[in-house]
1. Can you name every residue in the range 16-46 that is among the β-branched types (Val, Ile, Thr) and more than 25 Å from Ala295 (Cα to Cα)?
2. Mind checking which residues of the range 131-140 are in contact (Cβ under 8 Å) with a residue 12 or more places away in the chain and either within 16 Å of His51 (Cβ to Cβ) or not hydrophobic (A, V, I, L, M, F, W, C) (or both)?
3. As an exercise: evaluate Gly279 against (1) buried (at least 18 other Cβ atoms within 10 Å of the Cβ); (2) at positive phi and give the number of the one condition it does not meet.
4. Return the total of residues in the range 180-217 being among the aromatic types (Phe, Trp, Tyr), touching a residue at least 60 places away in the same chain (Cβ under 8 Å) and part of a loop (DSSP other than H, G, I, E, B).
5. Starting from the range 244-260, take each residue that is on the phi > 0 side of the Ramachandran plot and list its partners that are in a loop (DSSP other than H, G, I, E, B) and within 16 Å of the ligand (Cβ to nearest atom), counting only C-beta distances under 6 angstrom and pairs at least six apart or across chains.
6. Given the residues Thr108, Thr101, which is the only one that is under 17 Å from Arg52 (Cα atoms), polar (S, T, N, Q) and within 15 Å of the ligand (Cβ to nearest atom)?
7. Given the structure, is Arg52 without any contact (Cβ under 8 Å) to a residue 12 or more places away in the chain and either surrounded by 12 or more Cβ atoms within 10 Å (Cβ to Cβ) or away from the ligand (no atom under 13 Å from the Cβ) (or both)?
Amino acid sequence: MKVIDILDQSTRPFCSFELVPPLRGGDIRKIHAAIEPLMEFAPPFINITFHRDEEELRPRPDGSIARVVVTKRPGSVALAAAIMKRFPVEVVPHVVCGGATPHQIENTLIDLHFLDIENVMALRGDPLPGQRAFAPAEGEYRYCRELVEQIQRMNRGQYLDDSIADAVPANFCVGVAAYPEKHHEATTLDADIRHLKQKVDAGARYIVTQMFFDNNAFFRFRDACRQAGINVPIIPGLKPISTLNHLETLPRAFHINIPDKLVNRARACPDNARVRTVGIDWAVAQSAELVARGAPAVHYYTMGNSDNIRDIIRQVF
Ligand code: FAD
């Protein structure tokens, strides 16, 4: 079932989750174990992130340095299919155009189509570690909008090779990302929202936001989107803090702010067990208000840890 149909047909707010594939050599059973406790909440869909290839410099035995391409978390298509087979849930694999040619993207989409996966989350991807700004390689897309356009062309039966006659149309429902506190590369929030509208006009059916810790940022963003003519569902994304480390790593990695009140509460904790409780309480309050003020669903970033998410959902849904 398509996410947009789930949103249209659901009579009350629901929760969904984002999971990260295991590191290369990791155990898929850990992913199953992370999903199992969440199934009691009957999430209609689960997102699976995608991680593009990176380059690393590694010393050779002779002392010289080799530049090596590493795929740290492979297998996101297979993982999506494995989850859908094992659990009664739709999957939303993330498709990232940064680091992939349109040809490679088309091949991935064909795999997903053959696996009966009807949902994808379209993303551009971040700059590679060490890169100051996102720079597409020759032939790659610069913006996610171009990826959404490619998926829509496939939905109309237009593949890259236009000599193919009678190609079977794909059938993807496309979600895209948005940033209540503005994407860090955008000059202003208004400009970022204009670019978001381009993704929606290109065919995105719904939006999932970056994590945020201040609901006012989300409500202001949602109002601005509606004023800009973006009328698709906007699902807020939340991540509970669970360690003191998160106070630094999350703002750095995701270009988001953590309100002083939450920082002070976490810093006053004697240990991470108490920080985890503070994070849960904060996310419960955020979730309850979001649902009360019209969010159709709340999307939780698990980052491999589903225990605290389960505690939050039990209190809200
Ligand atoms: P875009 O929509 O292309 O926007 C990127 C920037 O370009 C923005 O600043 C935008 O304002 C600007 N822009 C867009 N169009 C134009 C234009 N025409 N002219 C000028 N500027 C323009 N990353 C991964 O690698 N894997 C994942 O699985 C993943 N999942 C994510 C899930 C969610 C819900 C979110 C919020 C993010 C996720 N990311 C993931 C991170 C994402 O790839 C980065 O945030 C990336 O920097 C931007 O991706 P985007 O699709 O929003 O890009």
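The values are calculated or read from the model by the stated rules, or taken from the named source; none is laboratory data. Just so you know, these numbers come straight off a predicted model, no measurement behind them. Glycine also receives a Cβ, built like all others from the backbone with ideal geometry; neighbour counts cover every protein chain displayed.
1. Start the filter on the range 16-46 by keeping residues that are among the β-branched types (Val, Ile, Thr), which leaves 20, 28, 31, 35, 46.
Scanning the range 16-46 gives Ile28, Ile31.
2. First pass over the range 131-140, keeping only residues in contact (Cβ under 8 Å) with a residue 12 or more places away in the chain: 133-134, 136-137, 139-140.
Answer for the range 131-140, where residues must be in contact (Cβ under 8 Å) with a residue 12 or more places away in the chain and either within 16 Å of His51 (Cβ to Cβ) or not hydrophobic (A, V, I, L, M, F, W, C) (or both): Phe134, Pro136, Gly139, Glu140.
3. (2)
4. First, pick out the residues of the range 180-217 that are among the aromatic types (Phe, Trp, Tyr): 206, 212-213.
After this cut, where a residue has to be touching a residue at least 60 places away in the same chain (Cβ under 8 Å) as well, the list is 206, 213.
Add one more test, that the residue is part of a loop (DSSP other than H, G, I, E, B), and what stays is 213.
Here the count works out to 1.
5. His255/His184
6. Numbers: Thr101 fails: within 15 Å of the ligand (Cβ to nearest atom).
Going through Thr108, Thr101 in turn, just one is under 17 Å from Arg52 (Cα atoms), polar (S, T, N, Q) and within 15 Å of the ligand (Cβ to nearest atom): Thr108.
7. On the way: without any contact (Cβ under 8 Å) to a residue 12 or more places away in the chain: no; either surrounded by 12 or more Cβ atoms within 10 Å (Cβ to Cβ) or away from the ligand (no atom under 13 Å from the Cβ) (or both): yes.
No.
Yes/no per residue for (1) closer than 20 Å to Glu289 by Cα; (2) small (Gly, Ala, Ser); (3) surrounded by 19 or more Cβ atoms within 10 Å (Cβ to Cβ); (4) near the ligand (Cβ under 10 Å from one of its atoms):
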residue	(1), (2), (3), (4)
Ala167	no, yes, no, no
Asn171	no, no, no, no
Gly175	no, yes, yes, yes
Glu181	yes, no, yes, no
His184	no, no, no, yes
His195	no, no, no, yes
Val200	no, no, yes, no
Phe218	yes, no, yes, no
Ala224	yes, yes, no, no
